[in-house]
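The values are calculated or read from the model by the stated rules, or taken from the named source; none is laboratory data. All figures in this text were calculated on a predicted structure; none of them were measured in a lab. Backbone-built Cβ (ideal geometry, glycine too); neighbour counts: all protein chains shown. Each accessible area value is taken on the protein alone, full model and side chains, heavy atoms only, with ligands, DNA and RNA left out. Shrake-Rupley method; radii C 1.70, N 1.55, O 1.52, S 1.80 Å.
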Amino acid sequence: MITPFPEPVYVTKPFLPPIEQYLDGLREIWANAWLTNGGPILRRYTEAMVAYLGTENLCMFANGTLALQLGLHGMQLHGEVITTPFTFVATAHALWWNQLKPVFVDIEPQYYTLDPAAVEAAITPETSAILAVHVFGNLCQLEALADIARRHHLRLIYDAAHAFGVTIDGQSIATFGDLTMFSFHATKVYHSIEGGLACFTDPRLKATLNQLKNFGIVSESEIAGPGTNAKMNEFMALMGLQVLPYMEELIAARARLTHAYRERLSTLPGLLLPPPAPGNVTSCYAYLPIEVDETQASISRDTLYERLKTYNVFARRYFYPLLTDCPCYEQDCRSGELPVARRTARQILTLPLYHDLTLDSVHRICDIIAHLLGEPAA
Ligand code: T4K
């Protein structure tokens, strides 16, 4: 008999380093009596990040949203920015706060990233940039987007909130496009409680972003302009610094669980899984998205989502609704029906995936899903 989990199983769970190790770090913070504003631990963390990503051109932030928002601001964009409707709201909000008009275009059906042909078709004289999202850690079509940006003289920005740790041909994805943003929120594969990072190709952006995140301050007597407060504090930097050495282990654990999910779920009728990453890409296994095709399965995505809760399994409908269906953005849809994005938002469900979820739990979640789909348990 299939019974509910005794405790809630959420879509994700943050990894925490050994508490004694964090307490040692707290003692250092106490001794320093330096809590924020570019303290010694943040400096150490920034150096570790430079080494990890292989670029000096980066800037740490209080969260990914502010990293993106200020990154866009620092690049002095104007007019329209072509982006995806299938993402977390923060992507579009970062444009809104810069008074940039989002132009939402369709995604491609396999990995849910921007469809380059749709991007190119949406370019107008008002377009200044493309804001693409490596959604679920799936890489965008890097070459096609770079080619479009080059031919149309557009800036290319990546929201890589989900993609920290992903590499292509052995190279970090931090250095593609003009600017890449990572989120280090507690719900991510890698985190610093809250936190964000912007990596960029133009080294001059570093001073600009460092000022923007610190009220526009250049020195005690000089203010460059209206900045804001988007600094990372020492407690976050400490967490980020202590979680970083576990990256390989965290990704390996998620890979094992992903393979187990795939093996079982790919045999169930009406469930679709995006293909694994191409051979030259190392994934970070950020999310476990499935699509429920109501015409093939005996159940809709929403019914499955609700019924899973009765088994204490809290999957999430990332990303639903489409941004173009949110009242603040619905007037910005200029590109017709967005059929792929619309279908994906209707069918998508992300299942629990985190470092210490057990293989037994994955098998049990799969058995519950099979049961709800009217299939025999394995
Ligand atoms: N761009 C994209 C594409 C993004 O996905 C995001 C953030 C951003 C930009 C902005 O980056 P940040 O400014 O956040 O750095 C969560 C996260 O808050 C958000 O960071 C993330 N994307 C988004 C996809 O997911 P919610 O509202 O779904 O989170 P919440 O609080 O419901 O948490 C989800 C589950 O995680 C909970 O059911 C339980 C578990 N959880 C959560 C927290 C916070 C824990 O076990 N422990 C925790 O501490 O937005």
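Screening the candidates Ala255, Ala260 for the property of being small (Gly, Ala, Ser), more than 16 Å from the ligand (Cβ to nearest atom), outside the structural domain of Asn37 (by TED's automatic domain parsing) and farther than 16 Å from Lys13 by Cα yields one hit, Ala260. Whenever a residue of segment 300-320 is more than 14 Å from Leu353 (Cα to Cα), its partners that are within 11 Å of the ligand (Cβ to nearest atom), lying with C-beta atoms within less than 7 angstrom and at least six residues away or across chains, give the pairs Tyr305/Ala315; Tyr305/Arg317; Leu308/Ala315; Asn312/Pro8; Asn312/Val9; Phe319/Phe86; Phe319/Thr87; Phe319/Phe88. Selection of segment 92-118 for residues being assigned to a strand (DSSP E or B) and of a type in the set (Phe, Trp, Tyr) yields only Phe104. Scanning segment 82-141 for residues that are under 20 Å from Pro274 (Cβ atoms), aliphatic (A, V, I, L, M) and open to solvent by 10 Å² or more (accessible area, probe 1.4 Å) returns Ala117, Ala118, Leu139. The single residue among Pro339, Pro327 that is open to solvent by 80 Å² or more (accessible area, probe 1.4 Å), free of Cβ contacts under 8 Å to residues at least 24 places away in the same chain and more than 16 Å from the ligand (Cβ to nearest atom) turns out to be Pro327.
Within segment 46-76, the residues that satisfy the criterion of being away from the ligand (no atom under 16 Å from the Cβ) and in contact (Cβ under 8 Å) with a residue 12 or more places away in the chain are Thr46, Ala48, Tyr52, Leu53, Gly54, Thr55, Glu56, Asn57, Gly74, Met75.
So Leu353 clears everything in (1) within 30 Å of Met1 (Cα to Cα); (2) of a type outside the set (Ser, Thr, Tyr); (3) more than 16 Å from the ligand (Cβ to nearest atom); (4) assigned to a loop (DSSP other than H, G, I, E, B) except one condition, right? Which one? Here Leu353 clears every test but (3).
One residue stands out among those in segment 142-164 that are touching a Ser or Thr at 6+ places or on another chain (Cβ under 8 Å) and farther than 21 Å from Leu66 by Cβ: the one that is most open to solvent (accessible area, probe 1.4 Å), which is His152.
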